[in-house]
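Presented below is the structure to which this report refers.
FYI, it's all coordinate maths here, none of it is from the lab. Remember, predicted model here, so these are calculated numbers, not experimental data. Here Cβ is always computed from backbone atoms with ideal geometry, including for glycine, and neighbour counts include all displayed protein chains.
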Amino acid sequence: MSDLDQLEQETLAAIEKAEDETGLEAVRVAALGKKGTISALLAGLGKMAPDERKVQGAVINALKDRVSAAFTERRVALKEAALEHRLATETLDVTLPARTSPLDLGRIHPLSQVTEEIATIFADLGFSVAEGPDIETDDYNFGKLNFPPDHPARDMHDTFFLKPDASGERKLLRTHTSPVQVRTMLNQRPPIRVICPGRAYRCDSDQTHTPMFHQVEGLVIDKQANLGHLKWTLSEFCKAFFEVADVRMRFRPSYFPFTEPSMEVDIQCSRKAGEIRFGEGEDWLEILGCGMVHPNVLRNCGLDPDAYQGFAWGIGIDRLAMLKYGMPDLRAFFDADVRWLKHYGFRPLDFPTLLAGLSS
Ligand code: DAH
């Protein structure tokens, strides 16, 4: 066998043996690449005498064509085989249930949801959200809110006091969100329309009380804000929050040092078979405290009570959540039990909006 025949046989055998496209490419480079065996033969033609070049040129080019054709054929075959292999191994069972994403597993705590619902309703009424620190001074939590020193109302609050600091001042965990009223009046000129949602702390624990709980404070200050506006605002809120067309409210005289007059508000409901419904029935349920801001509070916060007046209210968010979503024990709110959260929690992308419905 001539050298050329042998080269052809070996190259064709190597092509046949290549198991994948990478292996085949290596064989091609070894034969037809710049420094390949067949390329070397073609390069050698230049050095031959014209007659010999004519004969050898035809022979070598024919060899090159046969080898190239074999490469192409093998490449197509390997491509098809690779595709066959993928089709055979990469099967997909479209009848399997879709895998749940983390979004489906996570839940928004009912308290966060209810806080959002409240902020959404009051935003629609033109209120912005104000916040303050959980650790407060005695002055903001009590003093500026017209609690006289040693007044028994301070005891009613079961306050958690902190150790005195270097200057001897005893800070405390705020017992209500009302100090945010003080901060707002000190920092903002009227007209003021804010709600202040946040945590509050009292040393108390049973089925409807926890040492840490949530309130939302409301404050409106301008030149004319009156009791009529307060009643309208609260009744609009209750209708929107409990998602009922009408709600009857009862204003009972009460006492808070920071409002005069002060009232507690009950809303009408029916209790049947352990279920509470709003906007119907003969029962009453207390939901909040409110009143006209006391002139002393206005004065303490740098506002002239002869020029400005306003109203305020405070609601327990935890209580609102329990009532709206039928959760019987407040303590479960803070147990971090995933089963509870799965049952009562909300889907992360279900934002409460007035248009789409708050709780749907
Ligand atoms: N701060 C009161 C409490 O925690 C609730 C309250 C009552 C707030 C009347 C008010 C108000 O702003 O006007 O018991």
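Over the chain, what is the relative contact order in whole percent, taking alpha-carbon pairs under 8 Å and six or more residues apart?
Averaging sequence separation for qualifying contacts and normalising by length gives 16 percent for the chain.
Modelled label positions at E16 and A82, each set 7 Å beyond Cα in the direction of Cβ, lie 2.3 nm from each other. About the centre of its Cα atoms, region 159-261 shows a dipole size close to 180 debye [charges on the beta carbon of Lys, Arg (+1) and Asp, Glu (-1) only; nearest 20 debye]. Loop-resident trypsin sites (Lys or Arg not before Pro) (DSSP state other than H, G, I, E or B) in region 77-140 with no more than 12 further Cβ atoms inside 10 Å of their Cβ: R99. When chymotrypsin sites (Phe, Trp or Tyr not before Pro) are flagged only if DSSP places them in a loop and at most 16 other Cβ atoms lie within 10 Å, the longest unflagged stretch of the chain comes out as 1-159. For region 72-129, the dipole from Cβ point charges (+1 on Lys and Arg, -1 on Asp and Glu) about the Cα centre works out to 380 debye, to the nearest 20.
Any chance you could tell me what percent of the C-alpha pair distances in the chain go past 29 Å? Tail of P(r) above 29 Å: 59 percent of Cα pairs.
Please enumerate, by chain and number, the lysines with C-alpha under 22 Å from the C-alpha of K223, excluding those fewer than 8 residues away in the same chain. Excluding near neighbours in sequence, the set is K144, K231. For region 11-115, the list of GluC sites (Glu not before Pro) that fall in a loop by DSSP and count at most 11 other C-beta atoms within 10 angstrom reads E19, E90. Full extension of the chain between V59 and V338 gives 92.3 nm of extra length, using 0.36 nm per residue less the Cα-Cα distance. For region 1-111, the extents of the C-alpha atoms along the principal axes are 97, 28, 16 Å, listed from largest to smallest.
Here region 1-77 is assigned +1 on the Cβ of each Lys and Arg and -1 on the Cβ of each Asp and Glu. Its dipole about the Cα centre then comes out at about 380 debye.
Shape class for region 153-289, computed from the alpha carbon gyration tensor (a ≥ b ≥ c): oblate, with a/c not under 1.5 and a/b at or below b/c.
The trypsin sites (Lys or Arg not before Pro) of region 158-237 that meet both conditions, a loop assignment by DSSP and at most 13 other Cβ atoms within 10 Å of the site Cβ, are R170, K223. Angle of helix 227-242 to the longest C-alpha principal axis of the chain, folded into 0 to 90 degrees and rounded to 10: 40°.
In the chain, a dipole from Cβ-located charges (positive for Lys and Arg, negative for Asp and Glu) runs towards its positive end, and of S235, V194, F160 it is V194 whose Cα lies farthest in that direction.
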